[in-house]
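The values are calculated or read from the model by the stated rules, or taken from the named source; none is laboratory data. Note that the structure is a prediction, hence the values are computed from the model and not measured. Using ideal geometry, Cβ is built from the backbone for each residue, glycine included, and neighbour counts are taken over all protein chains shown. The accessibility values were calculated without ligands, DNA or RNA, using every heavy atom of the protein model including side chains. Shrake-Rupley method; radii C 1.70, N 1.55, O 1.52, S 1.80 Å.
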Amino acid sequence: MATFTHATPERCAQLGRALTAAGLTWSDNSRQNDPQFLDYTVTDPYGRTRRISPATNFQISPSSPGQIWEASCSALMTTSPILSAHKVAERTKDTPA
């Protein structure tokens with residue numbers, strides 16, 4: 001069974017700080033206490049909306065335990081690899097039009 005215990009309040013705060021530092025507009029659905037249903041909605045510089053959510057424990061590499069976030073963008077029909085908070089914010093900001 002998949003777990004989401006790695007999506008701790010501190011890691012959620014790290015993601016929020018990374019998105020803010022990247023100058024991105026974002027919100028969350030306030031489900032930090034139930035990370036299985038936690039989603040962040042982020043708007044990139046081109047107005048595309050991305051959904052960022054925690055990966056399952058099965059998706060996280062033991063060699064990269066800080067990489068827990070996955071982003072998807074329906075406008076681009078893409079899903080990112082599992083990334084750290086900083087990398088997912090950077091990738092969202094820097095994806096070209």
Tell me the angle of helix 85-94 to the major Cα principal axis of the chain, expressed in degrees between 0 and 90 and rounded to the nearest ten. 20 degrees
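By accessible area of protein heavy atoms, probe 1.4 Å, what ranking do D44, D39, D94 get, highest first?
On the way: D44 5, D39 40, D94 100 Å².
Solvent-accessible surface, decreasing: D94, D39, D44.
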Dmax and Rg, reported as Rg then Dmax, of the chain (C-alpha, Å): 12.4, 38
R48/H6 FRET efficiency (R0 22 Å; Cβ-Cβ; nearest 0.05): 0.25
Under a GNM of the chain (C-alpha, springs under 10 Å), which listed residue has the highest mean-square fluctuation: A22, A85, A55? A22
Return one whole number: the accessible area per residue of the chain in Å², for a 1.4 Å probe. 57 Å²
How much of the accessible area of the chain, in percent, comes from carbon and sulfur atoms when a 1.4 Å probe is used? 54 percent
For the chain, listing chymotrypsin sites (Phe, Trp or Tyr not before Pro) in a DSSP loop whose Cβ sees at most 14 other Cβ atoms within 10 Å gives Y46, F58
Which of L19, L76, L38 ends up with the largest GNM mean-square fluctuation for the chain, with Cα atoms connected below 10 Å? L76
